[in-house]
Amino acid sequence: MQRFILGLALAFSLGSSAFSEAAKEAVTSFTLDNGMDVIVVEDHRAPVVQHMVWYRAGSADEPVGSSGVAHFLEHLLFKATDTMAAGELSAVVAANGGNDNAFTSYDYTAYFQRIAADRLELMMQMESDRMVNIRLTERDIATERDVILEERNQRTENNPRALFGEQQKAAQYLNHRYGVPIIGWRHEMEALDMEDALGFYRTYYAPNNAILVVSGDVYPDDVRALAEKYYGAIPANPDLPERFRATEPPQTAARRLTFRDPRVAQEYVSRSYLAPERDAGAQRKAAALTILEEVLGGGTTSYLAQKLQFDQQIAIYTGAFYSGVSLDDTTFDIVVVPGPGVSLQDAEDALDQALRDFVDEGVDPTQLDRIKMQLRAAQIYARDNVEGIASRYGRALTSGLSVADVQSWPDILQQVTEDDIIAAARAVLRPEGSVTGWLMRAEEAIQ
């Protein structure tokens with residue numbers, strides 16, 4: 001550990017070029033004959049491997065009227081196949097000392113196992129099996145439909161913050177499927193059937209629409225041989241559709257919403273702005289927004305915290321949030337929780353003034369240097385997590401980025417200037433592209 005800390009300090013002292021070498025990952029990429037992309041990230045410090053299959057199909061790729069089917073299918077893939085009983089895959093992983101799971105987002109669905117490196121072949125054998133051999137019954141459909149409806153109850157219906165966020169997202173996107181919740185609208189989830197699930201499966205679950213990411217104690221040649229044996233034997237889908245997405249029209253009107261719920265414990269103001277994502281070969285705008293997120297709302301030393309929490313004592317919490325890994329336009333979000341006795345209107349007015357002041361005053365160079373140093377450290381520390389490494393490449397590639405984009409990202413962040421950040425703020429923090437929401441307690445009924 002002492003040697004690692006000394007090496008980290010030396011990398012920082014030598015500048016960005018030394019940091020880039022310190023943070024460089026041993027990545028090998030290739031494509032199987034059937035079109036499946038494979039990424040191998042070597043890390044031989046522990047005999048552990050993360051095996052992940054990512055499909056370029058998420059909730060934003062669902063047919064209109066079938067919201068939630070991507071997540072529904074994710075659940076169904078843990079049912080039986082031609083060679084495995086329902087639940088057998090997870091049971092085998094657990095019996096071998098590993099863990100597994102899956103997750104769905106707007107742009108992808110991913111399945112993973114983390115296990116001892118010498119069990120990699122077994123993982124490929126089982127995962128490739130359910131890529132093509134899933135066998136569903138009507139009972140499976142009914143059971144898992146109830147499961148996802150209950151999941152929506154727990155995560156969304158019983159959480160006013162989640163319901164509020166769902167409405168705000170729907171108001172932000174006028175035409176794009178990002179305005180539809182990943183888990184789905186309840187009335188459409190209730191109607192999902194066998195045809196919906198198998199239609200999505202047969203369309204998108206194919207090797208030429210998948211990315212295999214393996215990170216940990218592995219060697220590229222060994223991974224290639226196993227991938228060709230198990231995934232390479234699966235034929236490509238010749239009818240894989242082009243990944244078409246409806247585009248957003250110009251947003252020319254600020255939108256507002258008020259969400260009231262008697263379960264709200266803390267009222268707050270939330271604002272989202274339509275913002276560009278990280279694009280392949282063109283990540284500078286997203287890099288500036290990533291640092292803007294930290295400058296404006298990244299903790300108690302951020303601009304909004306200093307201005308609204310400490311100087312004016314308007315708020316008890318402020319935050320800014322931006323996730324640039326997205327196939328299409330994403331959002332830049334700001335939250336202000338007012339202090340005792342401060343109205344939501346006063347909090348919103350204070351936020352508006354603070355944003356105007358920030359653009360006029362510019363970025364504190366000392367704060368910018370500190371943020372860049374923190375980002376450098378985070379990139380190096382992230383190498384200790386084989387799951388995080390695999391996820392970083394999988395999310396990027398299913399969102400239109402390349403391995404080269406992932407590897408160049410740390411250096412691009414370091415190149416962001418104060419002028420870049422202010423330019424990004426002026427371009428994105430526009431009222432016309434915003435949705436401002438108030439989460440409020442429900443008013444008492446009039447007797």
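The values are calculated or read from the model by the stated rules, or taken from the named source; none is laboratory data. The structure displayed is predicted, hence computed values, not measured ones. Positions of Cβ are backbone-derived with ideal geometry, glycine not excepted, and every protein chain shown enters the neighbour counts. Side chains are part of the model used for accessible areas, which takes the heavy atoms of the whole protein and leaves out ligands, DNA and RNA. Shrake-Rupley method; radii C 1.70, N 1.55, O 1.52, S 1.80 Å.
Can you say whether ALA117 is under 21 Å from ARG376 (Cα atoms), more than 22 Å from the chain's Cα centre (by Cα) and either small (Gly, Ala, Ser) or at pLDDT below 95 (or both), as far as the supplied structure shows? It is false that ALA117 is under 21 Å from ARG376 (Cα atoms), more than 22 Å from the chain's Cα centre (by Cα) and either small (Gly, Ala, Ser) or at pLDDT below 95 (or both).
Within the stretch 282-294, the residues that satisfy the criterion of being open to solvent by less than 40 Å² (accessible area, probe 1.4 Å) and either without any contact (Cβ under 8 Å) to a residue 40 or more places away in the chain or over 29 Å from LEU174 (Cβ atoms) (or both) are ALA286, GLU293. Those residues that are among the hydrophobic types (A, V, I, L, M, F, W, C) and either assigned to a helix (DSSP H, G or I) or closer than 30 Å to ARG271 by Cβ (or both), I need them from the stretch 175-205; list them, please. Result: VAL180, ILE182, ILE183, TRP185, MET189, MET194, ALA197, LEU198, PHE200.
Scanning the stretch 255-281 for residues that are open to solvent by less than 60 Å² (accessible area, probe 1.4 Å) and assigned to a strand (DSSP E or B) yields ARG255, LEU257, PHE259, TYR268, VAL269, SER270, ARG271, SER272, TYR273, LEU274, ALA275. Taking SER20 as the residue in question, decide whether it is part of a helix (DSSP H, G or I), of a type in the set (S, T, N, Q) and modelled with pLDDT under 95. Taking the combined requirement at face value, the residue satisfies it. Among the residues of the stretch 318-365, those identified as polar (S, T, N, Q) and open to solvent by less than 40 Å² (accessible area, probe 1.4 Å) are THR318, SER326, THR330, THR331.
Only a single item in (1) open to solvent by 10 Å² or more (accessible area, probe 1.4 Å); (2) of a type in the set (A, V, I, L, M, F, W, C); (3) without any contact (Cβ under 8 Å) to a residue 40 or more places away in the chain is not met by VAL48, and it is number (3). Just one of (1) open to solvent by 40 Å² or more (accessible area, probe 1.4 Å); (2) in contact with an Asp or Glu (Cβ under 6 Å, 6 or more places away or on another chain) fails for ARG224. It is (2).
Taking into account only those residues within the stretch 51-88 that are assigned to a loop (DSSP other than H, G, I, E, B), of a type in the set (D, E, K, R) and in contact with a Phe, Trp or Tyr (Cβ under 8 Å, 6 or more places away or on another chain), which is surrounded by the most Cβ atoms within 10 Å (Cβ to Cβ)? The qualifying residue surrounded by the most Cβ atoms within 10 Å (Cβ to Cβ) is GLU62.
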